[in-house]
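Structure, as structure tokens:
We did not get these values from a lab; they are worked out from the coordinates using the rules stated. Remember, it's a predicted structure, so these values are computed and weren't measured experimentally. Positions of Cβ are backbone-derived with ideal geometry, glycine not excepted, and every protein chain shown enters the neighbour counts.
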Amino acid sequence: TAATAGYLLNASTSNDNLSGTVSLSYKVTPDFTAYATYATGFQAGGLDLNNRSLDPSAPAIAPTKTSSYEIGAKANLFNRRLLLNLAAYQEKLEGFQTTISFTLPNGTIQRGATNVGDIRARGIEWGIKADFGSGLGLTFDGNYNDAIYTRAPSLPAPPELAYNGSANIDAKAQRAPYAPKWALSATPTFD
């Protein structure tokens, strides 16, 4: 039964999950190691009480499930003066949870948490650490990440489309939020 004001008192949700990681590595030489990893993960679902107070029929937030694959290599070269790490990966998120803005039937704009679809991210990452001697070093790290929605049938339209009256869009094949395609960093060190 709904309270006379505020939140529903009888709303509940429950999740459970078994996640894990399997990793194999092989030392090809004392200075070169190759590896492969498979992992699964889980982010519990829940209730967005703000949404439910305005719309008691709002669905519970479903769990997000992830699975990822990674292969890579690590090498020490030139008497450990150059360290190289290279990895290729792919990750799938099913039921991605995020916060969106939407308009209720009465015209009220509301922000709330919900599931918006599925995301696939894949790319490569690297780390290079050079020791130039006399305490001088340089680290160069980078990542290329191709992260897109593989399913997102009804996302709120971005502002550049919303002003034309588009309330929702199908975002399939569009870039995932907060997932830059490139990330690079260079750090000099002196010990």
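Pairwise Cα separations in the stretch 9-101 fall into 5 Å bins from 0 onward with the following percentages, short to long: 3, 11, 16, 13, 11, 10, 8, 8, 7, 5, 4, 3, 1, 0. Note on the stretch 12-129: Lys pairs 8 or more places apart or on different chains, Cα atoms under 25 Å apart, count 5. Below 13 Å, Cα to Cα, which aspartates and glutamates can Lys172 reach? Residues fewer than 8 away in the same chain don't count. Qualifying aspartates and glutamates at Cα under 13 Å: Asp118.
For the listed peptides 117-129, 12-24, 35-47, a ranking on the average number of other beta carbons within 10 Å per residue, highest first, reads 117-129, 35-47, 12-24.
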